[in-house]
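Notes to accompany the following structure.
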Amino acid sequence: MHYLLAALLSFASLSFALPVNNIEERASCYEVDGVGTFTNHASYDFSTLQSLPLPDGLYISQDPPIAASGQAQYARQSLASNVDIANGYLEIKVPGSQDPSSDILTYGEVHTAADVLYGSVRTYAILSNEAGTCQGMFFYKSDTQEIDIEFLSDPQSTAQDGVPALHYTNQHAAGQPTTTSYTPPPSDYDTSVVEYKIDWTKDYTAFYVNGVLQEMYTQNVPTVAGTWLWNNWANGDPTWSTGPPVEDSVMRIQRIEMYFNSTAGTSC
Ligand SMILES: *[C@@H]1O[C@H](CO)[C@@H](O)[C@H](O)[C@H]1NC(C)=O
């Protein structure tokens, strides 16, 4: 059956032209135009949900504190209280008014099971412009098996040139060349739903915003299965997230579409 993904959507509120993605469903597999074939499709539409719990396949992270290291100024910890479904969105928050001198900074994070091995993952989100957080949509297995789209909201972060910016990275192992770059976000990133997409095959990673290619890497491409995550956090690192934010920072995810393979290795 041929159909346009865009035709499935009825987003009266969207103010941008939805990118057209040709998806062909084939004997329990999904062929994503220009990327490849995937055995799994997960679709999470938060605009149809009233409240928690998260839909099957997504989990709220509740991990032990991560100590401050490197240039991080403060420890941080993911708490379930910083994740909600409300107003048609999955809301992932760094609360404002946290006192970093006496508290561990809390943040929110949502993740999939740890068996994603290649995929085309689209996140439809309104990001927060509150300065001082890192809003991530990413793949993680280890610090050298990681693919990131990360938004740094603080123009003063030394990772960028005085503007809030989207960063695209394959994390590298020691001795390997770095694969990281950044662009400004769309002008309406904090008021409109924007599509952020990562394509990951064994040959490359590609990063798209509203269907427009921003970066592509053939080096440091992860080779093992791991987890897809969405988070919003701060640890005071002047070279990265900065923060904590003064007011609440709320990343609003309207929808997630994932076409992916897993370690189960189903054939098409
Ligand atoms: C995903 O798995 C299917 C079935 O094994 C395979 O045919 C396909 O090439 C895989 N896709 C990618 C992008 O590696």
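Which residue pairs have Cβ atoms under 8 Å apart, sit 6 or more places apart or on different chains, and have a first residue in the range 190-204 that is in contact (Cβ under 8 Å) with a residue 24 or more places away in the chain and of a type in the set (Ser, Thr, Tyr) and a second that is away from the ligand (no atom under 16 Å from the Cβ) and in a loop (DSSP other than H, G, I, E, B)?
Ser192/Leu14; Ser192/Ser15; Ser192/Phe16; Ser192/Pro186
Is there any pair linking a residue in the range 211-240 that is touching a residue at least 40 places away in the same chain (Cβ under 8 Å) to one that is among the aromatic types (Phe, Trp, Tyr) and part of a loop (DSSP other than H, G, I, E, B), with Cβ under 6 Å and at least six apart or on different chains, and which?
Between residues of the range 211-240 that are touching a residue at least 40 places away in the same chain (Cβ under 8 Å) and residues that are among the aromatic types (Phe, Trp, Tyr) and part of a loop (DSSP other than H, G, I, E, B), the close pairs are Asn235/Tyr74; Gly236/Tyr74.
Check the range 251-264 and report whether any residue there is in contact with a Ser or Thr (Cβ under 6 Å, 6 or more places away or on another chain) and in a loop (DSSP other than H, G, I, E, B).
The answer is no; no qualifying residue exists.
Please count how many residues of the range 76-114 are of a type in the set (D, E, K, R) and under 26 Å from Thr48 (Cβ atoms). Lay out the reasoning, then the answer.
First, the residues of the range 76-114 that are of a type in the set (D, E, K, R): 76, 84, 91, 93, 99, 103, 109.
Filter once more, keeping what is under 26 Å from Thr48 (Cβ atoms): 84, 91, 93, 109.
Residues flagged as of a type in the set (D, E, K, R) and under 26 Å from Thr48 (Cβ atoms) within the range 76-114 amount to 4.
For residues that are surrounded by 12 or more Cβ atoms within 10 Å (Cβ to Cβ), at positive phi and more than 14 Å from the ligand (Cβ to nearest atom), tally how many sit in the range 22-73. Give the derivation first.
We begin by selecting, within the range 22-73, every residue surrounded by 12 or more Cβ atoms within 10 Å (Cβ to Cβ); these are 22-25, 29-33, 35-47, 49, 52, 54-55, 57-62, 65-66, 68, 71-73.
Now drop any that are not at positive phi, which leaves 36, 57.
Retained after the next criterion (residues that are more than 14 Å from the ligand (Cβ to nearest atom)): 57.
Count: 1.
Can you spot a residue in the range 208-226 that is buried (at least 23 other Cβ atoms within 10 Å of the Cβ) and modelled with pLDDT of 95 or more? Lay out the reasoning, then the answer.
Step one: list which residues in the range 208-226 are buried (at least 23 other Cβ atoms within 10 Å of the Cβ), which gives none.
Within the range 208-226, none of the residues are buried (at least 23 other Cβ atoms within 10 Å of the Cβ) and modelled with pLDDT of 95 or more.
Give me the residue from the range 98-157 that is closer than 25 Å to Ala67 by Cβ, touching a residue at least 24 places away in the same chain (Cβ under 8 Å) and among the charged types (D, E, K, R) and, out of that set, surrounded by the fewest Cβ atoms within 10 Å (Cβ to Cβ).
Checking each candidate, the answer is Asp143.
Could you run through the range 210-238 and say how many residues are in contact with a Lys or Arg (Cβ under 8 Å, 6 or more places away or on another chain) and either closer than 26 Å to Val94 by Cβ or in a strand (DSSP E or B) (or both)? Spell out the reasoning first.
Within the range 210-238, the subset in contact with a Lys or Arg (Cβ under 8 Å, 6 or more places away or on another chain) is 211, 221-227, 232-235.
Now restrict to residues that are either closer than 26 Å to Val94 by Cβ or in a strand (DSSP E or B) (or both): 226-227, 232-235.
Count: 6.
Criterion first (at pLDDT 95 or above, farther than 18 Å from Trp228 by Cβ and not small (Gly, Ala, Ser)) does Leu4 satisfy it?
Values: at pLDDT 95 or above: no; farther than 18 Å from Trp228 by Cβ: yes; not small (Gly, Ala, Ser): yes.
For Leu4, the condition - at pLDDT 95 or above, farther than 18 Å from Trp228 by Cβ and not small (Gly, Ala, Ser) - is not met.
The values are calculated or read from the model by the stated rules, or taken from the named source; none is laboratory data. Here the structure is a predicted model, which is why all the values come from computation and not from measurement. Glycine also receives a Cβ, built like all others from the backbone with ideal geometry; neighbour counts cover every protein chain displayed.
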